[in-house]
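Where a number appears in this text, it was derived from the coordinates with a stated rule and is not lab data. Note that the structure is a prediction, hence the values are computed from the model and not measured. Glycine gets a Cβ as well: all are built from the backbone with ideal geometry, and neighbour counts include every protein chain shown.
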Amino acid sequence: MLTREHAVALDAADPLAHWRDEFVISDQALVYLDGSSLGMMPRRTVARLQHVMQEEWANGLIRSWVHWLDLSQRVGDRLATLIGARPGEVVVHDSTTINLYQLVDAACALRPDRRVIAIDPADFPTDRYVVDGIASARGLQVRDDFDRLDDVAVMVRSVVDYRTAAVTDVAGETARAEAAGAIALWDLSHAAGVLAIDLTAAGVQLAVGCTYKYLNGGPGSPAFSFVAGDLQLTLPQPIWGWFAQTDQFEMGGTFAPQPDIRRVLLGTPSILALAAAEEGIAIAIDAGIDSIESKARAITGFALELCDELGLASSTPRHPAGRGGHVAVQHPSARRLVDELAERNVIADFRTPDIVRVGCSPLTTRFTDVFDGLTALHALVHPSKGCSTSPGSGVW
Ligand SMILES: Cc1ncc(COP(=O)(O)O)c(C=O)c1O
């Protein structure tokens with residue numbers, strides 16, 4: 001039987017435990033199991049934003065653009081180290097939705113003879129809406145499975161399923177798409193900063209993802225675009241903005257995009273948001289993505305073991321390498337349960353139709369948080385069983 005003492009011992013042995021002190025945590029009693037939606041705020045972000053606001057904005061004013069202008073690329077190069085990309089293959093800018101739109105549309109333009117975009121109907125809504133919108137505008141067909149790819153222009157997929165946390169075989173599926181003449185485009189939103197992704201080894205050409213989950217970049221922090229080096233010169237990106245323009249400040253009359261990753265940039269980025277994203281990314285780099293992934297596997301494994309003991313159903317894969325950083329607990333009253341957990345100072349996510357999503361963010365989530373959260377959930381699901389299941393209790 002797993003006890004709270006077991007969780008305490010796991011926290012004591014956790015080599016990443018001290019990273020939690022690097023975050024601003026105003027309520028130590030809060031059981032926060034939602035870093036898979038919004039990561040906590042790093043202390044260094046507060047200091048960085050104060051610096052950007054006072055020194056760079058208030059004092060430097062327009063002069064600061066000298067070192068702000070390439071910030072999307074500099075932050076992209078740092079993020080590249082977390083996802084197995086090479087320098088010059090990632091830029092941090094705009095939102096996942098916008099970046100996805102650009103790259104899906106560009107991929108369609110690269111395969112003008114193909115009439116199909118493939119996407120899982122259970123994938124994240126914005127991905128499906130973007131695909132539907134592009135298909136409608138281009139007169140293409142949307143296919144809701146990946147069985148047949150020989151007539152597919154682009155296959156849009158998430159590395160980690162936002163509901164179940166199931167991980168897709170990125171290298172295998174990218175190779176299968178390539179062999180069929182299709183382009184694979186990956187959404188890394190639930191993978192970046194929690195799994196040691198290697199886009200180069202997997203042969204990926206196009207990817208996007210957000211920075212506000214496991215990368216702790218802050219609410220609405222800018223997303224990223226990854227374009228493999230060999231595709232950058234010819235990528236037919238649909239949005240022609242001046243931040244992609246060669247000799248940007250010549251204000252030329254004709255769009256002539258940069259011959260590198262900058263060609264996917266659009267307009268003026270939010271420097272405050274980019275600076276915050278950089279600090280979140282830096283903290284993951286400093287902690288080490290391999291260690292982060294190891295803890296993700298251990299803590300989600302602990303959560304699953306606990307679910308089994310508590311009789312909570314989960315659709316999250318059992319194999320450690322087969323899941324991301326969250327655990328899906330299934331219950332028909334999931335929506336109500338998430339609300340009731342919040343009343344008990346336990347924050348998790350509801351995902352339709354029946355999932356309580358328990359986010360385990362390796363730098364901030366403790367094994368004791370998982371224990372307290374799941375035992376609180378168990379107490380709500382089985383109030384009659386009489387377990388001493390409130391957060392902080394000794395055993396469930
Ligand atoms: C897989 C996936 N894609 C995209 C998004 C959101 O896109 P955006 O950052 O543009 O709101 C999310 C948000 O949770 C997501 O999980």
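Distance between the modelled labels on ASP169 and GLN248, one decimal in nanometres: 4.2 nm (7 Å Cα→Cβ projection). By DSSP, what percent of the beta bridges with both residues in the chain are antiparallel, rounded to the nearest 5? Looking only at bridges with both residues in the chain, the antiparallel portion is about 55 percent. Mean-square fluctuations from a GNM of the chain, with a 10 angstrom spring cutoff on Cα atoms, peak among VAL142, VAL194, VAL264 at VAL142. Treating r as the C-beta distance of ASP151 and ASN59 and R0 as 41 Å, the FRET efficiency rounds to 0.10. The stretch between VAL142 and HIS67 holds 22.7 nm of extra length on full extension. This uses 0.36 nm per residue minus the Cα-Cα distance. I want the local charge near LEU374. Using Cβ-Cβ distances under 12 Å, sum +1 for each Lys or Arg and -1 for each Asp or Glu among the other residues. After counting each charged neighbour, the total is -4. Shown for the chain are the DSSP H helices of 30 Å or more along their axis, judged by Cα atoms, with a mean Kyte-Doolittle hydropathy of at least 0.0: 289-310.
Rounded to the nearest 20 debye, the dipole size of the stretch 46-286 about its Cα centre is 260 debye, using +1 on the Cβ of Lys and Arg and -1 on the Cβ of Asp and Glu. Restricting the calculation to alpha carbons of the chain gives Rg and Dmax of 21.9, 74 angstrom. Anisotropy class assigned to the stretch 65-142 is prolate, per the alpha carbon gyration tensor with a/c at or over the 1.5 cut-off and a/b larger than b/c.
Which one of GLU278, GLU173, GLU250 has the biggest mean-square fluctuation once the chain is modelled by GNM with Cα springs under 10 Å? The residue that fluctuates most here is GLU250. Using just its DSSP H runs of length 4 or more, each adding -39500 (n - 2.57), the chain gives a mean residue ellipticity at 222 nm of -11000 deg cm²/dmol after division by all residues. With K and R counted +1 and D and E -1, the other residues having a Cβ less than 12 Å from that of TYR32 yield a net charge of -3. One decimal place: the segment ALA29-TRP240 gains 71.1 nm when fully extended, by the rule 0.36 nm per residue minus the C-alpha distance.
Roughly what % of DSSP beta bridges within the stretch 52-200 run antiparallel, to the nearest 5? So the antiparallel bridges amount to about 10 percent of the total.
Based on the alpha-carbon gyration tensor of the stretch 225-278 and its eigenvalue square roots a ≥ b ≥ c, which shape applies: rounded if a/c is under 1.5, prolate if not and a/b is larger than b/c, or oblate? It comes out oblate by the Cα gyration axes. Specify whether the C-alpha gyration tensor of the stretch 1-43 places it in the rounded, prolate or oblate class, a ≥ b ≥ c being the square roots of the eigenvalues: rounded for a/c under 1.5, otherwise prolate if a/b is larger than b/c and oblate if not. Since a/c reaches 1.5 and a/b is larger than b/c, the shape of the stretch 1-43 is classed as prolate. Local charge for GLY84 was computed over the other residues whose Cβ lies under 14 Å away, with Lys and Arg +1 and Asp and Glu -1, and equals -3. In plain terms, the chain from ASP290 to GLU309 could stretch by 4.0 nm, reckoned as 0.36 nm per residue minus the Cα-Cα distance.
Given the options ALA296, ALA106, ALA179, state which has the largest fluctuation in a GNM of the chain using a 10 Å cut-off (strictly under) for Cα springs. Ranking ALA296, ALA106, ALA179 by mean-square fluctuation puts ALA179 first. Each of ALA17 and ASN345 was given a label point 7 Å from its Cα along the Cα-to-Cβ line. The distance between the two points is 2.0 nm.
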